[in-house]
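A quick write-up on the structure given underneath.
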Amino acid sequence: SELLKRIARERARLEAEGACKKSKAMSLVGEDEQPFSIPHGWRWVRIEDISQLVTDGEHATPARTSDRTAIPLVTAKNVRDGYLDYTQTDFVSKEVAEKCWKRCKPTEGDILLVSVGATLGRLSVLEQDRDMVLVRSVTVIRPCLVDRDYFATALRSPILQDTIWGSVKQSAQPCLYLAQSSSLPIPLPPLPEQHRIVAKVDDLLALVDRLKA
């Protein structure tokens, strides 16, 4: 609850400075939306409650350029599990990119989540700043005072992946709209416990790597 108060204050500050859009009041996460019980001191919240930005890329296809030193155009196929793959990438000019960045310009620490297609739910954390332009198939989540690695770990968990797919609009091409992304429920522990969870997951993944070797 103390962390949520800090997040609310930080979001209010960012909104006042114009660095964060004013968000709509999100409804509380009902018991029927909670896939499991959480420890004392945790809270079920919605993604928008703990983010300073939840948006997606360009809906209209930006004009491409043949200049491969220009700005990469990142789509769902570029977002891999934990990294970005630029081996198959189109590019846009700096002029086109500047227009696109008025809607969304990813920065270090952002979570890129595939929101359209067969790989929907796959995600990566931006480990460093790099100019790029996103299309509609990728959603940007910018955590607010929450450990980004905890945020990503929670989103990757099988239970939250099931929740993501349960929120998808069923059509020829699976699609998770922004309203669904913003309202996804996520369990929020106190910040020190977030750090401990991330460290424990890192230890276990390192063990898995050693066992594979």
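Which value results when the Cα radius of gyration for the stretch 75-190 is divided by 2.2 N^0.38 Å? Before the final figure, lay out the partial values.
Values: Rg = 14.1 Å, N = 116, 2.2 N^0.38 = 13.4 Å.
Here the Cα radius of gyration is 1.06 times the empirical estimate.
Among Pro158, Pro190, Pro174, which one shows the biggest mean-square fluctuation in a GNM of the chain, springs joining Cα atoms closer than 10 Å?
Pro158
Excluding same-chain residues fewer than 8 positions from Lys200, which lysines have a Cα within less than 24 Å of its Cα?
Within the straight-line cut-off, Lys200 pairs with Lys212.
Compute the distance in nm between two label points, each set 7 Å from the Cα along the Cα-to-Cβ direction, one at Val201 and one at Leu4.
Result for the modelled spin labels: 2.1 nm.
Determine the shape class of the stretch 122-181: with a ≥ b ≥ c the square roots of the Cα gyration tensor eigenvalues, call it rounded for a/c under 1.5, and otherwise prolate if a/b is greater than b/c, oblate otherwise.
On the way: a/c = 2.27, a/b = 1.28, b/c = 1.77.
It comes out oblate by the Cα gyration axes.
Heavy atoms only, 1.4 Å probe, whole protein assembly: order Leu204, Leu188 by accessible area, highest first.
Leu204, Leu188
How about Lys21: which lysines have a C-alpha closer than 24 Å to its C-alpha, ignoring those fewer than 8 places off in the same chain?
Lys5, Lys99, Lys102, Lys105
Return the calculated 222 nm mean residue ellipticity for the chain, to the nearest 500 deg cm²/dmol, obtained by summing -39500 (n - 2.57) across DSSP H runs with n ≥ 4 and dividing by the residue count.
-10000 deg cm²/dmol
Want the number for Lys22 to Glu95: 0.36 nm per residue separation, take away the alpha-carbon distance, what's left?
Separation in residues times 0.36 nm, less the Cα-Cα distance, equals 23.5 nm.
Ignoring ligands, DNA and RNA, what percent of the accessible area of the stretch 86-132 is carbon or sulfur (1.4 Å)?
44 percent
Could you tell me the calculated FRET efficiency between Leu145 and Gln88, based on Cβ-Cβ distance and R0 = 30 angstrom, to the nearest 0.05?
Efficiency, from the Cβ-Cβ distance: 0.25.
Apply the membrane-span-like helix rule to the chain: whole DSSP H runs, Cα extent along the own long axis of at least 15 Å, mean Kyte-Doolittle hydropathy at least -1.0. List the helices found.
Helices meeting the criterion: 2-17, 191-212.
Towards the positive end of the charge dipole of the stretch 31-133, with charges on Cβ (+1 Lys, Arg; -1 Asp, Glu), say which of Cys104, Ser37, Val133 has the farthest Cα.
Toward the positive end, the furthest listed residue is Val133.
Sketch the reach of a paramagnetic label on Gln173 as a point 7 Å from Cα along Cα-to-Cβ, and name the residues of the stretch 76-91 whose backbone nitrogen lies under 19 Å away.
Under 19 Å, as judged by backbone N against the label point of Gln173, lie 76-80, 88-91 of the stretch 76-91.
The values are calculated or read from the model by the stated rules, or taken from the named source; none is laboratory data. Everything numeric here is computed off the predicted structure, so don't read it as measured data. So basically every Cβ, Gly included, is an ideal-geometry build from the backbone, and we count neighbours across all protein chains shown. The area values use the complete protein model at the heavy-atom level, side chains included, leaving out ligands, DNA and RNA. Shrake-Rupley method; radii C 1.70, N 1.55, O 1.52, S 1.80 Å.
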